[in-house]
Amino acid sequence: MTSLRTPGATRRQEYSAATKRALIDAAEELFTAHGYAATSLDAVVAGAQVTKGALYHHFTGKQDLFGAVFVRVEDQSALAVAQAISGVADPWEQALVGVRTFLSIVREPRYRRIVVQESPSVLGYEALRQQEDRSTYGTVVEIVRSTLFTGSWTIDEPMLHTFGRIFFGALNSAGASVSVSDDPDADSLRVEAVIGLMLAGIREIMESGADLESLTSSELWRADPA
C-alpha cells in the first residue's frame with residue numbers, strides 16, 4: 001500500500017487511510033471485472049493485502065464497500081466533467097462539452113459496470129438518487145443555470161431544478177443506452193447531435209425575445225379551432 005503523507009495526521013491515521021484506499025482500489029477493480037455478486041470479500045482483502053478485520057474496521061460489509069466505490073466513481077466522473085467545462089467561456093458550448101465528456105465517461109468499463117449496471121440493484125433508488133444529487137446532478141444544474149441565465153428570462157430555483165431534472169434524466173437515460181451499445185461511438189454521436197438540437201432550439205427561443213410565461217401557458221397547447 002502506498003502511504004500518502006497528510007499534514008497533521010498521525011502515522012496510525014495515515015495507515016488507516018491507506019488501508020481504506022487499498023480496499024476501495026481492490027474492490028473497484030474486482031467489481032468492474034466480475035460484478036458485485038461474483039466478487040467475494042476474501043478476494044477484496046487478498047487484492048488489498050490486508051486482513052478481513054481491517055475491512056470490517058472501515059466497512060460494515062460488501063454493500064457498504066460497494067457504496068464507497070460507487071461514490072468515488074461518481075465523484076471522479078463529476079470532477080472530470082467540471083474540469084472539462086472550466087475553461088470554456090461560452091455557456092452553450094460549455095453544455096455541449098459537458099455532454100461530450102459525460103458520454104466518454106459512460107463508455108469506461110468501471111462506470112458501465114458499477115454505476116449503470118450494478119448500482120440500482122445494489123444500492124436502491126433512494127441511495128442512488130442521494131449520491132447523484134450530491135455529485136453529478138449538481139454539475140448538470142450549474143450547466144443549465146449558465147445557459148438559461150444568458151437571456152432575459154427570469155427563472156426561479158424550482159423552475160431551474162425542473163429544467164435540471166428533465167435534462168439530467170434524459171442525459172442519464174442516453175448515457176445508459178450508450179454504455180451498453182454494440183456501437184457506442186456511433187450512438188454517442190447521435191446523442192450529442194440530438195442534445196445539440198435541443199439546446200439550439202432553447203437558445204433560438206430565448207434569443208427571439210419570447211416571454212417564458214407565454215411559452216408555458218396552456219394557450220400554447222390549445223388546438224387551433226380553424
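Within segment 200-212, residues that are free of Cβ contacts under 8 Å to residues at least 60 places away in the same chain and surrounded by 14 or more Cβ atoms within 10 Å (Cβ to Cβ) have Cβ atoms under 8 Å from residues that are in a helix (DSSP H, G or I) and among the aliphatic types (A, V, I, L, M) in these pairs: ILE202/LEU148; ILE205/LEU215; MET206/LEU148, counting only partners at least 6 apart in sequence or on another chain. Selection within segment 51-96: residues that are over 21 Å from ARG134 (Cα atoms) and among the aliphatic types (A, V, I, L, M). The member of this set that is most open to solvent (accessible area, probe 1.4 Å) is ALA89. LEU96 meets the conditions (1) more than 24 Å from SER177 (Cβ to Cβ); (2) assigned to a helix (DSSP H, G or I) in every case but one. The failed one is (1).
The values are calculated or read from the model by the stated rules, or taken from the named source; none is laboratory data. Predicted, not measured: the structure shown is a model, and the values here were computed from it. Backbone-built Cβ (ideal geometry, glycine too); neighbour counts: all protein chains shown. The area values use the complete protein model at the heavy-atom level, side chains included, leaving out ligands, DNA and RNA. Shrake-Rupley method; radii C 1.70, N 1.55, O 1.52, S 1.80 Å.
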